[in-house]
Amino acid sequence: MNAHRAKKIVGLALASVSTAGVAGCAGAFDPTTDATSPIAPRVQALVDANREYPRWADFPKTATDTPRPIEVAARVNTLRASGGALAGEASRIEWTLGDPVAFANEVNARVDAQAISPVTAETQAEVDAFAAELRRRGAAPPPIDRTPAPR
């Protein structure tokens, strides 16, 4: 019984808080300029000059050359017909490459006929030796002894 009353009290409290929050925002829709501010006349002049902006006349007009639904339907039917004709042409093409083994051998022969660049012909050992040489050359030199020589 008491829980029901507590729910009503909490509900009323939330309603009053939200009403107060909305009432607090109401003043933001009718701002006033501080008359003691040195730029108040300029601000008020700008506000008054732009109070009616934007007007409906400033928005672009709707397009007048939009096609009617009948024209759109005609275009769709034309596309369907041309798509059907294209599908018919594609179905008449003989999509065979012949013997796949012979095709693979032909491609391999064309690849083998091309000269291989010298870099591609290097073995893994040659690549590793080259990388080791670059690491050796890229190592920092030993530190210089900066202690003064005895006299």
(request) Please verify whether segment 61-73 includes one or more residues that are among the aliphatic types (A, V, I, L, M) and surrounded by 10 or more Cβ atoms within 10 Å (Cβ to Cβ). (result) yes
(request) Please determine, by comparing only the residues of segment 38-58 that are at pLDDT 85 or above and assigned to a loop (DSSP other than H, G, I, E, B), which one is nearest to the chain's Cα centre (by Cα). (result) 39
(message) What pairs come out if I take residues in segment 130-141 that are under 21 Å from residue 119 (Cα atoms) and pair them with residues that are assigned to a loop (DSSP other than H, G, I, E, B) whose C-beta lies under 9 Å away, six or more apart or interchain?
(response) 130/122
(message) Looking at the structure I just gave you, is residue 78 assigned to a helix (DSSP H, G or I) and among the hydroxyl-bearing types (Ser, Thr, Tyr)?
(response) yes
(message) Looking for something within 30 Å of residue 33 (Cα to Cα) and either in contact with a strand residue (DSSP E or B) (Cβ under 7 Å, 6 or more places away or on another chain) or not in a helix (DSSP H, G or I) (or both) - is there at least one such residue anywhere in segment 86-99?
(response) no
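The values are calculated or read from the model by the stated rules, or taken from the named source; none is laboratory data. The structure displayed is predicted, hence computed values, not measured ones. Cβ sites come from the backbone with ideal geometry, for glycine too, and all protein chains shown count toward neighbours.
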